[in-house]
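Undergrad: Here you go, one structure.
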Amino acid sequence: MSGTETATSVRYRRFAEVDARGYSPLYDEWCTGVSEDEEVLALLDTLPPARRQPVLFLGAARFAGVPLEGYGAFRAFVVRHWADIRHVMQARTTQTNEAGRCAVLLPSLTAISAEEGRPLALIEVGASAGACLYPDRYAYSYSPGPFLEPDGGSPVPPLACSVAGDVPLPSSLPTVAWRAGIDLNPLDARDDDDVRWLEALVWPEHGFRAERLRAALGVVREDPPLLVRGDLNEQIVPLVRRAPADAVVVVFHSAVLAYLDAGGRRRFHDTMTGLAADRDRPVHWLSHEGYGVLDGVPGAMEKVPGEEDGRFVLQHNGRSVARTGPHGQSIEWL
Ligand SMILES: C[S@@+](CC[C@H](N)C(=O)[O-])C[C@H]1O[C@@H](n2cnc3c(N)ncnc32)[C@H](O)[C@@H]1O
């Protein structure tokens, strides 16, 4: 082991200190260890930079069965099982699917359906396995605020969301008439390996998120959505055309645009602005992304100096309406 700084060691140290600290003590310890471990860094450096991503490595090690123990056990396992872990890091991408995000989308979804007087046709771009396409099947516990659940209850533990500001909290759940998604690599809630991969992406201390994921994937399995494989910029317009005419179309996305380059984000922004302004069939656009992800896109939320705090921004048709916890755990209306 040594303290030699390479791009990969800096990346892992940064991940430990900025992303994991206070959120996952185990990932903090593992990534601090990796950042100082020449042998493990050399293994990671056999992959192209985009594939050296900490979350991908941690997920792949979990997928391969790494014990949830201290750094010594972690590194021993990684060195022994490197071929398997490397294979997963090449074959898979980070596709965390977090149903909890429905809690911050719900106020806008319910308001849109009520204003338009029609049920919703939901299209999620970057849908992963589609767990966010079922806002009508989950229970919600807003605090302060109402407890909401579908008739007959929900198999998913209530999505808890703390509320600040004048959030237009709904008093009932909207009706969803149709649900569809686009993903470069749609995951299948009926496929054991895909489910195991999604579980491996949940951070080890977040047992409640793992439980929620398993239950939400059960909801998806019972009534699978239409999931289209492909790039969101290529597929969005044809998919909007397939939505039933008697429903109001809402296109939404969460933690997706960071995966696009600047040109891809601009193109998507322009497409969505055009669809939202369509006189014959205006589409509503809900964007739920990290601060600064839309930087440089005209009219989108720019990063405000001093306001970076890990929260996401919720926008409706390009207008910022709320700051949120990235997994849907909080919402502050602007
Ligand atoms: C971090 S996951 C988020 C999944 C889901 N939106 C959620 O909030 O739980 C990002 C997803 O976006 C997908 N994705 C990334 N770039 C994409 C693109 N250009 N077109 C379609 N899907 C994309 C990835 O495959 C992945 O499933």
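The values are calculated or read from the model by the stated rules, or taken from the named source; none is laboratory data. Bear in mind the structure is a predicted one, so any value in this text is a computation, not a measurement. Every residue, glycine among them, receives a Cβ derived from its backbone with ideal geometry; neighbour counts consider all protein chains shown. With ligands, DNA and RNA removed, areas are computed over all heavy atoms of the protein, side chains included. Shrake-Rupley method; radii C 1.70, N 1.55, O 1.52, S 1.80 Å.
Undergrad: For segment 240-263, what are the residues that are more than 10 Å from the ligand (Cβ to nearest atom) and in a helix (DSSP H, G or I)?
TA: If we filter segment 240-263 for residues that are more than 10 Å from the ligand (Cβ to nearest atom), which is where we start, we get 240-251, 262-263.
Answer for segment 240-263, where residues must be more than 10 Å from the ligand (Cβ to nearest atom) and in a helix (DSSP H, G or I): Val240, Arg241, Arg242, Ala262, Gly263.
Yes/no matrix, rows are residues, columns are (1) within 21 Å of Leu239 (Cα to Cα); (2) within 14 Å of the ligand (Cβ to nearest atom); (3) part of a loop (DSSP other than H, G, I, E, B):
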residue	(1), (2), (3)
Ser171	no, no, yes
Asp188	yes, yes, yes
Asp193	no, no, no
Arg196	no, no, no
Pro204	no, no, yes
Phe208	no, no, no
Leu213	no, yes, no
Val219	no, yes, no
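Undergrad: Further, regarding this structure: Please specify each residue of segment 164-180 satisfying the condition of being within 23 Å of Ser330 (Cα to Cα) and among the polar types (S, T, N, Q). Steps first, answer last, please.
TA: Kept after step one, since they are within 23 Å of Ser330 (Cα to Cα), are these residues of segment 164-180: 164-174.
Passing the criteria: Ser171, Ser172.
Undergrad: Further, regarding this structure: Got at least one residue in segment 80-91 being part of a loop (DSSP other than H, G, I, E, B), assigned by TED's automatic domain parsing to the domain that holds Gln315 and more than 16 Å from the ligand (Cβ to nearest atom)? It would help to see each step written out before you state the result.
TA: Within segment 80-91, the first condition is being part of a loop (DSSP other than H, G, I, E, B), and the residues that meet it are 81.
Now narrow it down to the ones that are assigned by TED's automatic domain parsing to the domain that holds Gln315: none.
Within segment 80-91, none of the residues are part of a loop (DSSP other than H, G, I, E, B), assigned by TED's automatic domain parsing to the domain that holds Gln315 and more than 16 Å from the ligand (Cβ to nearest atom).
Undergrad: Could you identify the single residue in Arg14, Arg21 that is at pLDDT below 95, in contact with a helix residue (DSSP H, G or I) (Cβ under 7 Å, 6 or more places away or on another chain), surrounded by fewer than 19 Cβ atoms within 10 Å (Cβ to Cβ) and not assigned by TED's automatic domain parsing to the domain that holds Ser171? Spell out the reasoning first.
TA: Numbers: Arg14 fails: in contact with a helix residue (DSSP H, G or I) (Cβ under 7 Å, 6 or more places away or on another chain).
Only one candidate qualifies: Arg21.
Undergrad: Name the helices (runs of 4 or more DSSP H) wholly within segment 7-79 that hold at least 3 residues that are under 26 Å from Arg311 (Cα atoms)? Write out each step before concluding.
TA: Working: elements: 7-14, 25-35, 38-44, 54-63.
Per the criteria, 7-14, 25-35, 54-63.
Undergrad: Then there is this: Specify which of the listed residues (Gly70, Gly33, Gly59, Gly65) is of a type in the set (Gly, Ala, Ser), more than 23 Å from Ala210 (Cβ to Cβ) and either modelled with pLDDT of 95 or more or open to solvent by less than 30 Å² (accessible area, probe 1.4 Å) (or both). Give the derivation first.
TA: Details: Gly70 fails: more than 23 Å from Ala210 (Cβ to Cβ); Gly59 fails: more than 23 Å from Ala210 (Cβ to Cβ); Gly65 fails: more than 23 Å from Ala210 (Cβ to Cβ).
Selected residue: Gly33, the only one of Gly70, Gly33, Gly59, Gly65 that is of a type in the set (Gly, Ala, Ser), more than 23 Å from Ala210 (Cβ to Cβ) and either modelled with pLDDT of 95 or more or open to solvent by less than 30 Å² (accessible area, probe 1.4 Å) (or both).
Undergrad: Within segment 1-11, track down each residue that is surrounded by fewer than 14 Cβ atoms within 10 Å (Cβ to Cβ) and at pLDDT below 95.
TA: Of the residues in segment 1-11, the ones surrounded by fewer than 14 Cβ atoms within 10 Å (Cβ to Cβ) are 1-5, 7, 10.
Those that are surrounded by fewer than 14 Cβ atoms within 10 Å (Cβ to Cβ) and at pLDDT below 95: Met1, Ser2, Gly3, Thr4, Glu5, Ala7.
Undergrad: Among (1) touching a residue at least 40 places away in the same chain (Cβ under 8 Å); (2) within 15 Å of the ligand (Cβ to nearest atom); (3) exposed (fewer than 13 other Cβ atoms within 10 Å of the Cβ), which single condition is Val237 missing?
TA: (1)
Undergrad: Just one of Pro48, Pro119 is surrounded by fewer than 23 Cβ atoms within 10 Å (Cβ to Cβ), touching a strand residue (DSSP E or B) at 6+ places or on another chain (Cβ under 6 Å) and at pLDDT 95 or above; which is it?
TA: Numbers: Pro48 fails: touching a strand residue (DSSP E or B) at 6+ places or on another chain (Cβ under 6 Å).
Going through Pro48, Pro119 in turn, the sole match is Pro119.
Undergrad: Go through segment 256-293 and count every residue that is hydroxyl-bearing (Ser, Thr, Tyr) and more than 14 Å from Ser320 (Cβ to Cβ).
TA: Qualifying residue count for the region: 3.
Yes or no, residue by residue, for (1) among the small types (Gly, Ala, Ser); (2) surrounded by 15 or more Cβ atoms within 10 Å (Cβ to Cβ); (3) at pLDDT 95 or above:
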position	(1), (2), (3)
Arg101	no, yes, yes
Leu105	no, yes, yes
Ala114	yes, no, yes
Gly126	yes, yes, yes
Pro135	no, yes, yes
Tyr140	no, yes, yes
Ser162	yes, yes, yes
Pro168	no, no, yes
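Undergrad: Same structure again: Please verify whether Val79 is open to solvent by 50 Å² or more (accessible area, probe 1.4 Å) and of a type in the set (A, V, I, L, M), treating the condition exactly as stated. Show your work before the answer.
TA: On the way: open to solvent by 50 Å² or more (accessible area, probe 1.4 Å): yes; of a type in the set (A, V, I, L, M): yes.
Yes.
Undergrad: Still on this structure, I have one more. Suppose the filter is within 16 Å of the ligand (Cβ to nearest atom), under 25 Å from the mean Cα position of the chain (by Cα) and in the same structural domain as Val163 (by TED's automatic domain parsing); does Ser108 pass it? Break it down stepwise before answering.
TA: Working: within 16 Å of the ligand (Cβ to nearest atom): yes; under 25 Å from the mean Cα position of the chain (by Cα): yes; in the same structural domain as Val163 (by TED's automatic domain parsing): yes.
In short, yes.
Undergrad: When you check Glu289 against the structure, is it within 20 Å of Arg101 (Cα to Cα) and either part of a helix (DSSP H, G or I) or at pLDDT 90 or above (or both), yes or no? So that I can check it myself, show each step before the final result.
TA: On the way: within 20 Å of Arg101 (Cα to Cα): yes; either part of a helix (DSSP H, G or I) or at pLDDT 90 or above (or both): yes.
Yes; evaluated as a whole, the condition is true for this residue.
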